[in-house]
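Worksheet for the structure shown next.
A short reminder: the numbers here are calculations on the coordinates, not readings from a lab. Note that the coordinates shown come from a computational prediction; the quantities given were computed from them, not determined experimentally. Here Cβ is always computed from backbone atoms with ideal geometry, including for glycine, and neighbour counts include all displayed protein chains.
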Amino acid sequence: MTAQDQRVRKLRRTSTAFVALVAAGAIGMSSAMAQTTIDRSKWSPDYVREIAGTLEVDTAKECAEVTPLDYEGKVTFWYVGPTEAEPDLHKQMDQEFWDAFKETYPNIELTVQNINYNQMLDKLRTASLGRAAPMLARMPILWGVEFAAKGFLQEMGPEDVGYTVDEFWPGAMKSVTWEGTTYGIPTNNETMALIWNSELFKEAGLDPESPPATWDQLVEYSNTIKQETGKSGYGLVARVNAGNTPFRFMPVMWAEGGGALDEAEDNPTYEDVYIGNAGSKKALQHAYDMYVRDKSVPVSALTNTQTENQDPFIAGQLAMVIAHPAEYATMLDRARKATGSDKEIAQKVVDNMRYGLIPEGDVRRSVVFGGSNIHMFKDDFVDGGEVDRQAALALVCFMTSPEWSTKLSWVISNPGNLRGFATKWNKERLDSIKFLDVATSMLPYGVPFPVIPESTEIMNIIVPGMLQNALTEKMTVDEALADADDKVKELRSGL
Amino acid sequence: MATAIGETRPTARRGPGLAGRIYKHRTDYLYILPALIVMFVVIGYPVYYVVELSFFKTPPSLAMSEKIFVGVDNYSRILQAKSFHEVTMNTVVWTVFSTLFAFILGFGAALALDRAFFLRGPLRGALLIPFVISAVAGSFVWRWMYNSDIGVIGAFLVELGITDRPLNFLDNTQTVLASLIVVNVWREFPFAMIMMLAGLQTVPDELHRAAKMDGASVIQRFFHVTMPHLKSVTLITVLLLTVNNLNSFIIPWIMTGGGPANASDIWITAIYQLAFGRVRFGIASAYSVILFLVMMVLGYYYVRIMTRGDERRAE
């Protein structure tokens, strides 16, 4: 680290001490070591509303202390940005971010690539191997550790851009840490919630305002809805090689005491394999019961992602799904675009949409701690062979600031920087986005996927493969679990 | 015929050796030299690298420079794996039936379109549409049409009273491969149609007329006049379809990702999954080498058919 870097760090530590304390206080924490430990009992929809709008920030001023505003340089950046299918507001915020950065740092030349989620990982892997990676990449939370383990990433943490570790969720920080070293900074974090159509609940004789409290109950509700209305109860997703599958199935495994490894435990070692245990079996049995025994979920679950569940949901043919806070905005968009009699049906579904906590299991309530992190590649692996670290840090600071980590995740996620929750922009979000507070209140139950390089294979291939083996009855539930258990153990043995 | 002792065996006229033949055609080789150099760079090196990688283990936790030499372990692991046998069987079924039905359908269409009739032109153009449409777009459309819950095919069958509930096309291990083959045949038959139509147009009309005058029936004329002329084009079409089907990726990957439970996983999707889904470049390379060898055998026969008679003409 250069002397200048050290001076910057010292300056930033002093200047952010106050705001960090404010943030720590705002999120209901106190500790002599200034460690952020989220008070789960306080983090509720009411609490999230209470702190919103209590903090003023000046992003340009904060980032100027990391990289002078007149700095001349160049940054290359890849990210999974907004797609055409996403709400217009998200696209607008993304454009505003780039405009604001160019205005704040007019002499930093940007080369930005917005890459589709399904292509970005392969493209980054290939580019890194070919020494043509970008200087910076914002990656979904699951991906970074593989690049860190392979030695592609530079050491970089919140303190490098003037923030403190306390300003980020501990689970998010865990996802950017490999063998004790920090290789990135969280940009946004989100958890999903249970969404249901209260009208279908009513039609099935269920309390329209009370979602299932446990996974056992969800299986029963799903069956009741199918029996009483003929419509699908729960939007099971079991496609292989699609992130949607583990995001919806792992919470069930964790809730019932299972998991891939011990990732849901308070202090995971990632050494113990849980995929064959009783908790995992119970979770797989739930899926089997709904798909094979009760036939209460869509038959197309094996080829579906959540996108394919959106049509039956908006058509009133599917009662419950697990999805992001943005699902409401997506449904509103769909209802707006619908025509004729479809429009009436879609609007009725939107009016009857309800958000609630994801059900509990025998052991806990849990949800995947999702989001993205920003990482910096090493000189050896980037196009041109040199990273303009100062210019790159300017972009990292800007993107992970309370202001922009809030605005960039406006409808789709939550600020990675916890101070973002206390800004006026978060208050505006809460006032304008229905159910955001409910989805946000799932954050303390968030469990990150195992922070190991093999995580992608376990989550995207082995877990969905286990589901498909059981649901197609190619294997029994026990055989599917044993098969997955063998695969995870083999993978962890380094083969 | 035996040769008596003392008799002199007639010696075959020996042509120039390999070096002599190359020298004789040195100008021809110079013309193709630039193409050979480009091929060597963009094909030769990657092939070499894939073969080299196939002898290494590349766990996801290690950078490629730290790959571990394992000899032929990757090959023996693949050949012993139960999943390899399942995937190979899927690949054989996929390739054989896709090729067979695409050819039969394409040949049938070519025979029909070979005769002049009203609207033949527009119909010929319309039949080319599946071949012209992007395979990605076509796959998504078929995926929606097949959807086991809200697919239009299932709804149509229920509406007609043929089935009580929508059929499960893609989410059933028994039906998924057949459903994908239908899509593949839909996409490929126009290719066979074009090839066979071109072949049909080379059959001399005089021969047909002569055979007809000799009293040959339509079927006799087809088997004894038309088919002999189509032998080469048929072989080439079938070979190209086979190679193309062995290399198919888009349709199975987009429609099912190889699922459910690997029931539609074929060699190419398995290789892609191993390399990019599981980051096992070593074992994926070994898989690719096996596929490469199979393709080389097919390629050898393809080149032999294509160049039959060229050697003599070149002398």
Q: Identify, among B:A81, B:L113, B:F101, the residue whose Cα sits farthest towards the positive end of the charge dipole of chain B, taking +1 on the Cβ of Lys and Arg and -1 on the Cβ of Asp and Glu, with the dipole about the Cα centre.
A: B:L113
Q) According to a simple spin-label model (label point 7 Å from Cα along Cα-to-Cβ), what is the distance in nm between B:Y49 and B:V158? A) 5.1 nm
(Q) If I model a spin label as a point 7 Å beyond the Cα along the Cα-Cβ vector, how far apart are those points for B:L235 and A:E479 in nm? (A) 4.5 nm
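What FRET efficiency do you get for A:R131 and B:F69 if R0 is 25 Å and r is their Cβ-Cβ distance, rounded to the nearest 0.05? Please list the in-between numbers first.
Details: r = 23 Å, r/R0 = 0.92.
Computed FRET efficiency for A:R131 and B:F69 comes out at 0.65.
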Q | Efficiency of FRET between A:D88 and A:D46 - r from beta-carbon atoms, R0 45 angstrom, step 0.05 | A | 0.90
Q) Averaged over peptide B:257-269, how many Cβ atoms belonging to another chain are found within 10 Å of each residue's Cβ? A) 5
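Order these by the 10 Å Cβ neighbour count, fewest first: A:E403, A:E146, A:E479. Provide the component values of the computation, followed by the final result.
Working: A:E403 22, A:E146 25, A:E479 13.
Arranged by neighbour count, lowest to highest, A:E403, A:E146, A:E479 become A:E479, A:E403, A:E146.
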Q: Sort B:151-159, A:470-478 for me by packing, meaning the mean count of neighbouring Cβ atoms within 10 Å per residue, highest on top.
A: A:470-478, B:151-159
Q.
Students often check this: by mean Cβ neighbours within 10 Å, which of B:203-212, B:107-116, B:88-97, A:163-172 ranks highest, and how do the rest follow?
A. A:163-172, B:88-97, B:107-116, B:203-212
Q: Run the quick spin-label model on B:M39 and B:K82: label points 7 Å from Cα toward the beta carbon, then report their separation in nm to one decimal.
A: 4.3 nm
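For Cα pairs less than 8 Å apart in space and 6+ apart in sequence, what is the mean separation divided by the residue count of chain A, i.e. the relative contact order in percent? Please list the in-between numbers first.
Working: 974 pairs, mean separation 129.5, N = 495.
Dividing the mean separation by the residue count of chain A yields 26 percent.
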Q: Enumerate the aspartates and glutamates that A:K91 could reach by cross-link, defined here as Cα to Cα under 12 Å, with residues fewer than 8 away along the same chain left out.
A: none
Q: Report the net charge of residues surrounding A:G420, where surrounding means a beta-carbon distance below 10 angstrom and charges are Lys +1, Arg +1, Asp -1, Glu -1.
A: +1
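Local charge sum around B:D114 (other residues, Cβ-Cβ under 15 Å, Lys/Arg +1, Asp/Glu -1)? Can you show the working numbers first?
On the way: positive: B:R115, B:R120, B:R124, B:R221; negative: B:D205.
Once positives and negatives cancel, what remains is +3.
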Q) Average partner chain C-beta neighbours within 10 Å, per residue of B:154-161? A) 0
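Most exposed first by the Cβ proxy, i.e. fewest other Cβ within 10 Å, how do B:S285, A:S405 rank? Show your work: numbers first, answer last.
Working: B:S285 24, A:S405 31.
So the residues, fewest neighbours to most, are B:S285, A:S405.
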Q. So if we plug the beta-carbon distance of A:N267 and B:L128 into 1/(1 + (r/R0)^6) with R0 = 60 Å, what FRET efficiency do we get, rounded to 0.05?
A. 0.45
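Arranged by the count of other C-beta atoms within 10 angstrom, fewest first, what order do B:F223, B:F101 take? Please report the intermediate quantities before stating the final value.
Numbers: B:F223 12, B:F101 18.
Ordered by Cβ neighbours within 10 Å, fewest first: B:F223, B:F101.
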Q: Please label the shape of region A:440-495 as rounded, prolate or oblate, based on the square roots a ≥ b ≥ c of the eigenvalues of the alpha-carbon gyration tensor (a/c under 1.5 means rounded; beyond that, a/b larger than b/c means prolate, else oblate).
A: oblate
Q | Sequence-distant aspartates and glutamates (8 or more away, or on other chains) whose Cα lies within less than 16 Å of A:K42 | A | A:E50, A:D437
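What is region A:102-167 by shape, rounded, prolate or oblate, if you read a ≥ b ≥ c off the alpha carbon gyration tensor as root eigenvalues and call it rounded for a/c under 1.5, prolate for a/b larger than b/c, and oblate otherwise? Spell out each step's value before the answer.
Values: a/c = 1.81, a/b = 1.19, b/c = 1.52.
Since a/c reaches 1.5 but b/c is at least a/b, the shape of region A:102-167 is classed as oblate.
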Q: Give the shape of chain B as rounded, prolate or oblate, defined through the alpha-carbon gyration tensor: a ≥ b ≥ c are the square roots of its eigenvalues, a/c under 1.5 means rounded, and otherwise the shape is prolate if a/b is larger than b/c and oblate if not.
A: oblate
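Among residues other than A:Y270 whose Cβ falls under 9 Å from its Cβ, what is the net charge (Lys/Arg +1, Asp/Glu -1)?
Numbers: positive: A:R492; negative: A:D262, A:E263, A:E271, A:D272.
Its environment carries a net charge of -3.
Rank by packing, highest mean first: peptides A:116-123, A:297-304, B:237-244, B:192-199, with packing defined as the count of other Cβ atoms within 10 Å averaged across residues. Don't skip to the answer; put the middle values down first.
Numbers: A:116-123: 14.9, A:297-304: 27.5, B:237-244: 19.0, B:192-199: 21.1.
Per-residue Cβ counts within 10 Å, averaged per peptide and sorted highest first, yield A:297-304, B:192-199, B:237-244, A:116-123.
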**Q.** Cα long-axis angle, helix A:88-104 against chain A (0 to 90 degrees, to the nearest 10)
**A.** 10 degrees
Q: Any chance you could check the Cα centroid distance between region A:196-256 and region A:124-152 for me, in angstrom?
A: 36 Å
Q) Measuring from a point 7 Å past the Cα of B:H208 along Cα-to-C-beta, which residues in region B:230-255 have an amide N at less than 17 Å? A) B:230-231
Q. Counting partner chain Cβ atoms within 10 Å of every residue's Cβ in A:245-253, what's the average?
A. 0
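What share of the DSSP beta bridges in the protein assembly as shown is antiparallel, in percent to the nearest 5? Mind showing how you got there, number by number?
Values: 26 of 44 bridges.
Of the beta bridges lying entirely in the protein assembly as shown, close to 60 percent run antiparallel.
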